[in-house]
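A.B. asks: My questions all concern the structure below.
Readers should treat all values here as calculations from the given coordinates under stated rules, not as data from a laboratory. These numbers were taken from a predicted model, which means no experiment stands behind them. All Cβ positions, glycine included, derive from the backbone under ideal geometry; neighbour counts span all protein chains shown.
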Amino acid sequence: MTQQELTAAVAADYETKPKPTLASLAEKYKIHPLTVRKHLVTAVVYTSAKAEIVRAALNTVLEKNPPYDQILPELERLLEDRDTPMSTQTIYSYLPYDITASQTDAAERKRLQREREAAVERIVDFDSLWAAIVLFEGYPFYTAKGLLFRYKVKGGELIVNRKEKSITESSVKICYENLWRWMVM
């Protein structure tokens, strides 16, 4: 189900009588209650005092027709002057998905970061090491001299952007085994 389809389905269920709770919709769709609210805000069917404040501020910002990347900063500036300030997370939670789409990239980067950190914690053998190496594809590393490099994984090879040669999986395995023998001694 696409995001738009989920928004439409959640909104349709929310409009039924008696009105379901966010928690019951979250359980039905197996998503977080705040995600349910985000879908309802996107469908413009959710109302609350905070939702109305954010919606009114958003309309004020959009009337100025700012560049897309300036909408969120302008909105934050407008809302920080209020008597009851809201955190950035609260403001974003009351905005429709199309306005916060750029935040999806940040969320994806954070998810990948957590996945990489967990993979490093799970290294117990060569296969788990190689899985971590694959997850770090494209990550910026630095040489001993401070030069930036990245690598791509192509089959069983690491293609480093600073070299014309590749590093094979078997070479990495030999280094891993030698290091392991050295550490055990």
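A.B. asks: Please check: in the Gaussian network model of the chain (C-alpha springs, under 10 Å), which one of Pro96, Pro67, Pro33 has the largest mean-square fluctuation.
C.D. replies: Highest fluctuation of the listed residues: Pro67.
A.B. asks: Skipping prolines and chain starts, which residues have an amide H placed within reach, meaning under 5 Å, of the one on Tyr94, given they are 5 or more residues away or on another chain?
C.D. replies: It is none; the list stays empty.
A.B. asks: For Rg/Rh (Cα atoms, Kirkwood Rh), one of (1) 1.01; (2) 0.98; (3) 1.15 was computed from the structure I shared and the rest are decoys. Which label?
C.D. replies: For Rg/Rh (Cα atoms, Kirkwood Rh), the calculated option is (3).
A.B. asks: What order do you get for Trp182, Trp130 when you list them from fewest to most C-beta neighbours inside 10 Å? Before the final figure, lay out the partial values.
C.D. replies: Numbers: Trp182 8, Trp130 17.
Fewest-to-most ranking of Trp182, Trp130: Trp182, Trp130.
A.B. asks: Add +1 for every Lys or Arg and -1 for every Asp or Glu among the other residues with Cβ under 13 Å from the Cβ of Tyr14, and state the total. Provide the component values of the computation, followed by the final result.
C.D. replies: Working: positive: Lys17, Lys19, Lys28, Arg37, Lys38; negative: Asp13, Glu15.
Local net charge: +3.
A.B. asks: How do Thr35, Thr100 line up, fewest other C-beta atoms within 10 Å first? Intermediate results must be reported in sequence, preceding the final value.
C.D. replies: Numbers: Thr35 16, Thr100 20.
With the sparsest Cβ surroundings first, the list reads Thr35, Thr100.
A.B. asks: Give me the angle, in degrees from 0 to 90, between the Cα long axis of helix 49-63 and the longest principal axis of the Cα atoms of the chain, rounded to the nearest 10.
C.D. replies: 80
A.B. asks: In deg cm²/dmol and to the nearest 500, what is the mean residue ellipticity at 222 nm of the chain if only DSSP H runs of at least 4 residues count, each as -39500 (n - 2.57), divided by the residue total?
C.D. replies: Working: 9 runs with 108 residues, N = 185.
Taking each H run of at least 4 residues, the total per residue is -18000 deg cm²/dmol.
A.B. asks: Say we join alpha carbon atoms closer than 10 Å with springs in a Gaussian network model of the chain; which of Arg114, Arg55, Arg82 then has the biggest fluctuation?
C.D. replies: Arg82
A.B. asks: Let me ask something else. Neighbouring Cβ atoms within 10 Å as the yardstick, rank Met185, Met1 fewest first. All intermediate terms of the calculation are to be shown ahead of the outcome.
C.D. replies: Working: Met185 5, Met1 9.
Ordered from fewest to most neighbouring Cβ atoms within 10 Å, Met185, Met1 come out as Met185, Met1.
A.B. asks: Moving on. Gly156's amide H: which non-local residues (gap 5+, or another chain) put their own amide H closer than 5 Å, with H modeled 1.01 Å from N in plane and none for Pro or chain starts?
C.D. replies: Here the answer is none, since no amide H 5 or more places off falls under 5 Å of that of Gly156.
A.B. asks: Let me ask another. Hey, what do the phi angles of region 139-144 turn into as Karplus ³J(HN,Hα) couplings, whole Hz, using 6.51/-1.76/1.60 and θ = phi - 60°, x for Gly and Pro?
C.D. replies: After applying 6.51 cos²θ - 1.76 cosθ + 1.60, I find 6, x, 10, 10, 6, 4 Hz.
A.B. asks: Any chance you could run the full-extension gain for Ala49 through Tyr139? It's 0.36 nm times the residue separation minus the Cα-Cα distance, nm to one decimal. Write down the numbers at each step before the final one.
C.D. replies: Details: separation 90, 0.36 × 90 = 32.40 nm, distance 4.28 nm.
Full extension of this stretch gives 28.1 nm more.
A.B. asks: Taking R0 as 30 Å, what's the FRET efficiency between Met183 and Tyr68 from their Cβ-Cβ distance, rounded to 0.05? Mind dumping the intermediate values first?
C.D. replies: Details: r = 52 Å, r/R0 = 1.72.
With R0 = 30 Å, the Cβ-Cβ based efficiency is 0.05.
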